[in-house]
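Right, one structure below, let's go through it.
The values are calculated or read from the model by the stated rules, or taken from the named source; none is laboratory data. Nothing here was measured: the structure is a model prediction, and the numbers come from that model. Don't worry about glycine lacking a Cβ; one is built from the backbone with ideal geometry, like all the others, and counts go over all protein chains shown.
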Amino acid sequence: MAHILAIGSNSSGQLATNDSNDAHHLAQTIFADADGYVADADTVWRVLGGGNHAFAWSDDGTKLVASGSNSDGELATGSEGTGPIFLWTPVGFPGDRVRQIACGWNHSVLLNAQGQLFSAGSNIFDQLGIGIQGRSQKFSSTWMPVLAAQDNDNSTTKFVNIACGLRHTLALDENGMVYGWGANRCGQLGIASPDKKSTSVLQMKLVSAGLPPIAMLACGRSHSILVANDRRTVFVGGQDKYCQCGPSDSQPVAGTWRKFLLPRPAAKLCSGWEFGAVLLEPVSKINLTGKGGVVVMWGRADHGQLATVQQSAQSTCSRELVYVDLDCVHDIACGSNHTVAMTEDGAVYMWGWNEHGNAGDPSLKNVHQPLRIDSPPLDTRAVAIGCGYGNSYIIL
């Protein structure tokens, strides 16, 4: 049996522990063995969650399971409002294999191996990208094809990466161009709304015009982050109330995108609701005897999000890059206000907002420094990590 451990918020069963109780200690998740579906020990899983739902898919893309809230059809099971799902339950998907899943608060987007995009869940803010004909469709409980852009015919384009904010979505194509749809009240899609009434984008739209080719993307609650192909140039757009736009120039370079430079190339990018995090490449890929991969962060800091102790009531955020006191980091994943990191030797650390125990401290106090998670059943090295908005997952 595969081992996916979970901790944190579980009000809708999104931890797949067969109940709806928060887990303040690591808990083994449970697979439903339906229709001969077997979670074998050799399968490596990737896990990602949204507001109250989560998906796990096998590394080879042949298996997809889901748990948690399905009130708006966000699990794409073919029905909505049927109550939460408390076990990892098989979900069908279009195409041969799943490449990636991204989750918003109550919508989900699927990228398959063919480079095609599909969405399910709430469409109140046009976050499904199903166009004008879907304006009256408030939700979908099945995977709906995301419509091609009208302003730039990309009907044959293959996509390679996706990210969801609370109610918006970005997609990166094989040519390094970024498309977006959904909520845009704060300019989080990187484009200005034509008027105050037009606060969302109905259908996929090119949002990286004027920018160089993009390699990475991530979404916060109402902001978005892009990293260019040089992996040092960062573009940020959207809300900046908590310094989410980091040390960027105040003047947009294109659309609402603002720019700043990383100290060295990025290996991984993720975003919380109001903060950003980048895993920087080691100084030398050949010689890893130094610090190895390190994490820099910026944005909101009042719940330990940046792994720093808040100095005063006024220091609610940091516009400057903050280095996390953790070496040899191999991977990172961001929840709404917490972060999980895995080192090169498979050790797992957590920090940030911890109201549900999602940052690893059973006292439920916020975690202001990287906390190593070494309690049972984590008695072997991790191979992957994942986050939902208020929970964390460790894959063994």
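A few points about this structure:
- Test: residue in the stretch 29-43 that is in contact with a strand residue (DSSP E or B) (Cβ under 7 Å, 6 or more places away or on another chain), modelled with pLDDT under 95 and part of a strand (DSSP E or B): yes
- Residues in the stretch 114-130 include at least one that is among the aliphatic types (A, V, I, L, M), at pLDDT 95 or above, over 21 Å from Gly83 (Cβ atoms) and part of a strand (DSSP E or B).
- Screening Leu262 on (1) farther than 24 Å from Gln100 by Cβ; (2) within 22 Å of the chain's Cα centre (by Cα) shows it passes everything except condition (1).
- Only residues that are within 21 Å of Ile191 (Cα to Cα) and surrounded by fewer than 15 Cβ atoms within 10 Å (Cβ to Cβ) were counted across the stretch 106-153, and they come to 6.
- Screening Gln188, Gln100 for residues that are outside any loop (DSSP other than H, G, I, E, B), modelled with pLDDT of 95 or more, within 25 Å of Gly220 (Cα to Cα) and out of contact with any Pro (no Cβ under 6 Å at 6 or more places or on another chain) leaves exactly one candidate, Gln100.
- Test for Leu202: is it part of a loop (DSSP other than H, G, I, E, B), touching a residue at least 60 places away in the same chain (Cβ under 8 Å) and within 25 Å of Gln239 (Cα to Cα): no
- Scanning the stretch 317-332 for residues that are under 15 Å from Arg372 (Cα atoms) and touching a strand residue (DSSP E or B) at 6+ places or on another chain (Cβ under 6 Å) turns up Val324, Leu326, Cys328, Val329, His330, Asp331, Ile332.
- Flag for Leu87 being hydrophobic (A, V, I, L, M, F, W, C), modelled with pLDDT of 95 or more and touching a His at 6+ places or on another chain (Cβ under 9 Å): no
- Complete set of residues in the stretch 223-237 that are among the small types (Gly, Ala, Ser) and within 12 Å of Leu211 (Cα to Cα): Ala228
- Any hit, the stretch 175-189, residues being surrounded by fewer than 20 Cβ atoms within 10 Å (Cβ to Cβ) and closer than 21 Å to Leu128 by Cβ: yes
- Output for the stretch 49-86, where each listed residue is assigned to a loop (DSSP other than H, G, I, E, B) and among the aliphatic types (A, V, I, L, M): Leu75, Ala76
- Residues (aliphatic (A, V, I, L, M) and within 12 Å of the chain's Cα centre (by Cα)) located in the stretch 99-114: Ile101, Ala102, Val109
- Residue selected from the stretch 313-351 under the condition in a loop (DSSP other than H, G, I, E, B), in contact (Cβ under 8 Å) with a residue 60 or more places away in the chain and polar (S, T, N, Q), by the criterion surrounded by the fewest Cβ atoms within 10 Å (Cβ to Cβ): Thr316
Let's see how each residue does on (1) under 19 Å from Tyr349 (Cβ atoms); (2) among the polar types (S, T, N, Q); (3) modelled with pLDDT of 90 or more; (4) crowded, with 17+ Cβ neighbours inside 10 Å:
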site: Arg258; (1), (2), (3), (4): no, no, yes, yes
site: Ala267; (1), (2), (3), (4): yes, no, yes, yes
site: Gly272; (1), (2), (3), (4): yes, no, yes, yes
site: Leu288; (1), (2), (3), (4): yes, no, no, no
site: Val295; (1), (2), (3), (4): yes, no, yes, yes
site: Gln311; (1), (2), (3), (4): no, yes, no, no
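- The one condition in (1) touching a Leu at 6+ places or on another chain (Cβ under 7 Å); (2) closer than 18 Å to Asp173 by Cβ that Thr156 fails to fulfil: (1)
- Residues that are among the β-branched types (Val, Ile, Thr) and assigned to a strand (DSSP E or B) were ranked within the stretch 154-174; the one that is surrounded by the most Cβ atoms within 10 Å (Cβ to Cβ) is Thr169.
- Scanning the stretch 57-73 for any residue that is aromatic (Phe, Trp, Tyr) and touching an Asp or Glu at 6+ places or on another chain (Cβ under 9 Å) turns up nothing.
- In the condition set (1) at pLDDT below 95; (2) in a strand (DSSP E or B), Ala215 is compliant with all but (1).
- Conditions (1) on the phi > 0 side of the Ramachandran plot; (2) touching a residue at least 60 places away in the same chain (Cβ under 8 Å); (3) surrounded by fewer than 20 Cβ atoms within 10 Å (Cβ to Cβ): number failed by Gly83: (2)
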